[in-house]
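The values are calculated or read from the model by the stated rules, or taken from the named source; none is laboratory data. All values reported here derive from a predicted model rather than from experimental measurement. Cβ placement follows ideal geometry from the backbone for every residue including glycine, while neighbour counts extend to all protein chains displayed. Note: areas computed on protein heavy atoms with side chains; ligands, DNA, RNA excluded. Shrake-Rupley method; radii C 1.70, N 1.55, O 1.52, S 1.80 Å.
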Amino acid sequence: MSQNNNSEYLPHIDGLRAVAVILVVLFHIEKHIFSLGYLGVDIFFVISGFVITKQITQQFYKKEFSFLSFYRRRFKRIYPALLLVILITGTFYVYYGLHYNFTDFNLHLKTALYSLFGFSNIYLAYKSRDYFFDTDTNPFIHTWSLGVEEQFYVIWPIILISLLYIFRKNLERNNKKIFLFIIFIIIINIIFSLTEHKYSNLSNQFFSPTYRFWELALGSSLRQDYIYIS
């Protein structure tokens, strides 16, 4: 998840992050008591959409945005921690998890490998894995949310910069159109998700990027530069 610009540090964003972390931790400690704790992940998605859009729009206005720099920063922020987690988790898994059968081991190993390419959520959906299934011992299943964010990071800057470039001549007036366009994207995404809900199982929906992108887009729509230019 992206970091706020230090010159415009927003402490309430870190407060929301803390709430989201606590909710997820409580859910994994005792999900029968804190049954809605998994919503902390949804909060993270909204925050990510807001912060990433904030960075992109600010850099665009200052004529400092670069796709190469953006993706490089995302890579540097995500992959050192991801590689460390996979290495440490994989070491403990191999040492203590040898009693698992080959099918489980193969699934778990592939989840880790797919997470390195930002596709573990799609792989888990394809395998119809259930995040809430008590007997699922996959130690890398949590990488699904990172996959959703990475996929959003690839697509959203292209869309947003295209919109900002199209409406660059009168940003104060036309940014309202960008805001409405994002709302339109959210509505279409929700409609698509409801349709997907009818024809696919819960596992596919839970991990699907099309089922989650509206949350990141919701965070993007909260960026006030779409309404008023300061």
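Quick notes on this structure:
- Selected residue [in contact (Cβ under 8 Å) with a residue 60 or more places away in the chain, assigned to a helix (DSSP H, G or I) and on the phi < 0 side of the Ramachandran plot] from Leu82, Leu68: Leu82
- Enumeration of residues in the range 106-129 that are assigned to a helix (DSSP H, G or I) and open to solvent by 60 Å² or more (accessible area, probe 1.4 Å): Leu109, Lys110, Leu113, Tyr114, Ile122, Tyr126
Per-residue answers, yes or no, for (1) open to solvent by 40 Å² or more (accessible area, probe 1.4 Å); (2) modelled with pLDDT of 85 or more; (3) over 23 Å from Ile78 (Cβ atoms); (4) touching a helix residue (DSSP H, G or I) at 6+ places or on another chain (Cβ under 7 Å):
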{"residue": "Leu16", "(1), (2), (3), (4)": "yes, yes, no, yes"}
{"residue": "Leu23", "(1), (2), (3), (4)": "yes, yes, no, yes"}
{"residue": "Leu26", "(1), (2), (3), (4)": "yes, yes, yes, no"}
{"residue": "Phe45", "(1), (2), (3), (4)": "no, yes, no, yes"}
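- Residue-level check: of (1) buried (at least 17 other Cβ atoms within 10 Å of the Cβ); (2) at pLDDT below 90; (3) outside any helix (DSSP H, G or I), Thr57 misses just (3).
- Given (1) more than 30 Å from Leu107 (Cα to Cα); (2) assigned to a helix (DSSP H, G or I), index of the condition Lys63 fails: (2)
- Wholly within the range 145-228, helices (runs of 4 or more DSSP H) carrying at least 1 residues that are at pLDDT 75 or above, surrounded by 12 or more Cβ atoms within 10 Å (Cβ to Cβ) and charged (D, E, K, R): 171-199, 213-221
- Selection of the range 7-37 for residues being more than 30 Å from Lys54 (Cα to Cα) and outside any helix (DSSP H, G or I) yields Glu30, Lys31, His32, Ile33, Phe34, Ser35.
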